[in-house]
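Working notes, structure below.
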Amino acid sequence: MSILSIFHGRYTNALTATDDGRNVSNVSALYILGDSSVDCGDNTLFYPLLHSHLSVYSCNGSDATLLPQLIAEKIGLTSIRPFYGQKGSMEEVLGGLNFGSTQATIMNEGSNSHQSLNQQLRQVSETMQLLQLQLTEDTAIEFTKSSIFLVSFGKEDHIDFFLHNSTSQIFNQNFTTILVDQMTNAVRYLYDANARKIICLGILPLGCTPRIAWESTNHTSAGDDTGNGCVDKVNQLVFKYNRLLEEHVAKLNAEFSDAQMVFCDVYNGMMEIINNPRLYGKLLSPLS
């Protein structure tokens, strides 16, 4: 299963092959917005001061386990700096930035521990304005249009919802609609900032995560185990969010004919691996 096979929407291959077989990217830069799905904990206000002493897991561009890094490698971009890890050079901005922050949410802006969706959008706007100051306006606009903006939110909102709220059908639907509407507004905001290549990532099957599965065994209202260790009610809500977001992205893609907006379905890809683990890796024997 290739990285590009999970994208839905109009997609133009970002790579062209040279005569000697090397891949050359047609993308200027990759700018990433999101939560822990795109950041492993280093992108905080005090990143430059605390990173070398307190960081549990390095996230300086060498980590190849997060999907944005895999995409960056695929299109030939080698180093995406954390927003708060910049050292003030224009080369870093031109190389792409990761605005993502662990535990960032779509709706909640009350915490100082992470950057919300709206806060990250403001940081993107300020960065694009900086480009226009350093480059000519036309050059900056063309650079922005040829860059990819990857947006991955909703995971932390859903986790908070599952752990602290009821699961009534009406409230679930309202919750999903509110989140998707906010994501749709974010895509429109990026378009107005001259972004023309936008990827929206769906959410993984959170009902299969250890925390949610553990909560389910202790609180039966969280959902029923499906037999594969996953909580069905949780996965159903995540699936509805992904499907609605995909529909909205498709509508935006049709509305803005000069843009390429795609939805990345990580849910079904991960469920395929969970349900057929022997096809995708080696199963380890339980410890005796």
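The values are calculated or read from the model by the stated rules, or taken from the named source; none is laboratory data. All values reported here derive from a predicted model rather than from experimental measurement. In this analysis, Cβ positions are derived from the backbone assuming ideal geometry, glycine residues included, and neighbour counts consider all displayed protein chains.
Please work out which one of (1) of a type outside the set (Asp, Glu); (2) assigned to a loop (DSSP other than H, G, I, E, B); (3) crowded, with 17+ Cβ neighbours inside 10 Å; (4) at pLDDT below 90 is the condition Ile106 fails and give its number.
(4)
Could you list, in sequence order, all residues of the range 109-131 that are over 15 Å from Asp39 (Cβ atoms), modelled with pLDDT of 80 or more and surrounded by fewer than 17 Cβ atoms within 10 Å (Cβ to Cβ)?
Asn118, Arg122, Ser125, Glu126, Gln129, Leu130
From (1) out of contact with any Cys (no Cβ under 8 Å at 6 or more places or on another chain); (2) crowded, with 20+ Cβ neighbours inside 10 Å; (3) in contact (Cβ under 8 Å) with a residue 40 or more places away in the chain, pick out the condition that doesn't hold for Asp160.
(2)
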